[in-house]
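As structure tokens, the structure follows; a few thoughts come after it.
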Amino acid sequence: MRILLIGPPGAGKGTQAVRLAAHLSIQHISTGDLFREHIAHGTELGQNAHTHIGAGLLVPDEVTIGVIKERLARPDTERGFLLDGFPRNLAQAQALDGLLADSKLRLDAVLDLELPEDQVVRRIAGRRLCRQNHEHIFHVGYSPPEVAGICDLCGGELYQREDDREATVRKRLEVYRNETAPVVDHYQAQGLVTTISAHGQVHEVLHRALDAIG
Ligand code: AP5
Ligand code: ZN
């Protein structure tokens, strides 16, 4: 199965993507996580991405599309994949359409997570991530770790993302409205989009997503 997960920053894409990918036995591919790994390893690509991420802007398309092209070429995607945070503008959507067409593959579904901005801001403000594994996501109020600052799953240190500062979040939301929202229309025209409310508890949103996939 090949699925896209779209939605504003903080809607819960990463939280849902981990669960959906495990349930469907497909690869979870997050461009944000791939960039953060590059940054942590101090690669040249990471240094370039860091400047854009810190400003709340998109990493340039040629870099992002290159990263995705390389990741999708790996054999572990043969069973399928869930893309989280890609595509984020029309140029990326067209590039993905081209990559899939070259391999004679099609998308099965595009899930569009919806959440009002005041809730998005609340979710981002309390988010804490694990340094050992970016798929270990917590929230100081909604899903706190048992011991403050320590990951329940692996004992790693929890930290707050640099781009989760208020001014950067406002910029990310603006970029989402201007550049990413049109991607939903692009896939709507292909009849692939299901809009899902991201309100409520994690398991409730997961059930909605699984129902949408069928
Ligand atoms: P990326 O890492 O993709 O960030 P994002 O899209 O802004 O999304 P977030 O990770 O902020 O939120 P999320 O929706 O995954 O929410 P989460 O599950 O963590 O991208 C970061 C940056 O990288 C971009 O700004 C850009 O610079 C660059 N980039 C990435 N992809 C790119 C691309 N394709 N092109 C160019 N640049 C790119 O949940 C948030 C919080 O809420 C957590 O604390 C969680 O515990 C909590 N939560 C989740 N669900 C619930 C619930 N149901 N109830 C209560 N709390 C919940
Ligand atoms: Zn962890």
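Here's the picture: charge each Lys and Arg Cβ at +1 and each Asp and Glu Cβ at -1 in the chain, and of Ile29, Thr64, Ile53 the one pushed furthest to the positive end of that dipole is Ile29. Antiparallel beta bridges, as assigned by DSSP with both residues in the chain, represent about 30 percent of the total such bridges. Excluding same-chain neighbours fewer than eight residues apart, the aspartates and glutamates reachable from Lys104 by a Cα-Cα span under 18 Å are Glu70, Asp76, Glu78.
Would you compute, from DSSP H runs of 4+ residues alone, the mean residue ellipticity of the chain at 222 nm, taking -39500 (n - 2.57) per run and dividing by the full residue count, rounded to the nearest 500? After summing the helix terms and dividing by the residues of the chain, the value is -14000 deg cm²/dmol. Strictly under 4.7 angstrom between C-beta atoms: which cysteines of the chain have no such partner? Lacking a cysteine Cβ partner under 4.7 Å: Cys154. Given in Å, the Rg to one decimal and the Dmax to the nearest whole number for the Cα atoms of the range 1-111 are 13.6, 37. Which values of log₁₀ I(q)/I(0), to two decimal places, follow from the Debye formula for the chain at q = 0.14 Å⁻¹ with a uniform point scatterer at every Cα? For the chain, the Cα-only Debye profile gives -0.86. Accessible area per residue for the range 1-102 is 43 Å², calculated with a 1.4 Å probe on protein heavy atoms, without ligands, DNA or RNA.
The values are calculated or read from the model by the stated rules, or taken from the named source; none is laboratory data. On a predicted model such as this, the values are computed, not experimentally measured, just so you know. Cβ coordinates were reconstructed from backbone atoms using ideal geometry, including for glycine residues, and neighbour counts include every protein chain displayed. Ligands, DNA and RNA are excluded from the accessible area calculation, which covers all protein heavy atoms including side chains. Shrake-Rupley method; radii C 1.70, N 1.55, O 1.52, S 1.80 Å.
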